[in-house]
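Here's the structure, in structure tokens; my notes come after.
The values are calculated or read from the model by the stated rules, or taken from the named source; none is laboratory data. What you see is a predicted model; the values in this text were computed from it and never measured. Virtual Cβ from ideal backbone geometry, glycine too; neighbours counted across all protein chains shown.
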Amino acid sequence: MKDRRLFWFSCYDLEPLKAKSPSCGGPETWAESEAKILEITGVFRDRGVPQACLLNATPEAAKAHADLLRSLDAEGFHIAIQPNVPGFRYPTYDKKLGQYPPDEQREIIKLALSDWEDALGLTTTTYTPCCGSRSNETHAILAELGFRQVRMPAPGRFDPEWPDRCTMGVFPAPFHASAKHRLLAGDLPLLVFPNAGDKTGRYARRPGYPADLRGEYEVGERTWEMYRDIIDTHLELLIMLDAPIKWIGTNGHNTARCAIQNVEYAVDYLPQAAEKYGLELVPMGPEEVHAEANKIGGF
């Protein structure tokens with residue numbers, strides 16, 4: 001019998017302050033950041049699924065919110081790392097991560113992880129690259145450093161100005177990364193989780209960037225219709241392809257632009273969609289999903 005489980009964890013990036021994150025942006029103040037973290041985590045707490053919320057903290061956010069993040073970790077939320085490059089140790093690094101040669105990437109990631117661990121006293125095996133920036137060597141570096149899961153933006157991104165951020169060719173379902181090329185599946189002990197994104201061509205964040213399930217859209221029915229289309233077509237594709245691991249998550253950031261009404265709508269629609277497609281929605285963190293993938297095998 002085909003596996004009808006749909007694994008779910010939603011991902012929210014905690015950026016450094018906007019003034020020190022010139023490329024990707026961030027909250028105006030740490031007070032704004034904290035307020036948004038409390039709103040987002042409240043959505044998952046109120047629904048009894050803290051294990052379905054992954055907070056990807058930059059080292060700067062980890063330091064600013066250390067007590068809060070440690071308490072959320074103890075409560076069952078998942079805390080991972082997302083170095084914002086440029087932004088990390090601003091203004092030391094002025095390029096995207098994937099634009100650095102492999103040795104410098106390795107050093108940046110090691111430094112970021114050290115800062116993150118020093119701030120929180122926690123460990124993590126899950127990594128999110130800022131804006132999806134990576135090179136063909138990045139996944140092997142992450143595996144070498146002990147990471148077991150990595151997040152990717154939605155497949156279909158086409159950005160000639162920033163080829164390190166393109167996601168054309170990325171699989172729509174979780175897959176094991178390759179040491180040979182970032183667009184290949186392989187045998188690295190690193191599971192790639194790509195965001196669910198628009199596959200219809202009806203929606204785009206901007207030219208070349210498919211819409212995903214982030215909360216930073218105008219609140220209202222137009223956005224919620226888009227969410228429903230993205231979720232429905234993603235589940236249809238996972239079922240049609242009989243993806244070995246079926247996974248979905250919503251996403252957003254620690255800024256005022258991430259509307260909590262949108263977060264709530266996407267989170268509340270997921271169980272409705274799973275039921276409609278005959279899937280069992282299973283909330284669990286990235287390491288737990290990876291363990292399930294290993295049980296199934298066949299990658």
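Here are Ala177, Ala112, Ala140, Ala154: which of them is farther than 19 Å from Gly25 by Cβ, aliphatic (A, V, I, L, M) and touching a residue at least 40 places away in the same chain (Cβ under 8 Å)?
Working: Ala177 fails: touching a residue at least 40 places away in the same chain (Cβ under 8 Å); Ala112 fails: farther than 19 Å from Gly25 by Cβ; Ala154 fails: farther than 19 Å from Gly25 by Cβ.
None of the other options fit; the residue is Ala140.
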> Restricting the search to segment 26-37, which residues are within 18 Å of the chain's Cα centre (by Cα) and either surrounded by fewer than 17 Cβ atoms within 10 Å (Cβ to Cβ) or among the aliphatic types (A, V, I, L, M) (or both)?
Replying inline: Ile37
> Can you tell me which residue in segment 286-295 is modelled with the lowest pLDDT, limited to those that are surrounded by 12 or more Cβ atoms within 10 Å (Cβ to Cβ) and either over 22 Å from the mean Cα position of the chain (by Cα) or under 13 Å from Val192 (Cα atoms) (or both)?
Replying inline: Ala293
>> Can you find, within segment 173-200, the residue that is farthest from Glu236 (Cα to Cα) among those that are in contact with a His (Cβ under 8 Å, 6 or more places away or on another chain) and surrounded by fewer than 20 Cβ atoms within 10 Å (Cβ to Cβ)?
In response: Ala179
> In this structure, does Arg202 turn out to be within 27 Å of Trp224 (Cα to Cα) and in contact (Cβ under 8 Å) with a residue 60 or more places away in the chain?
Replying inline: no
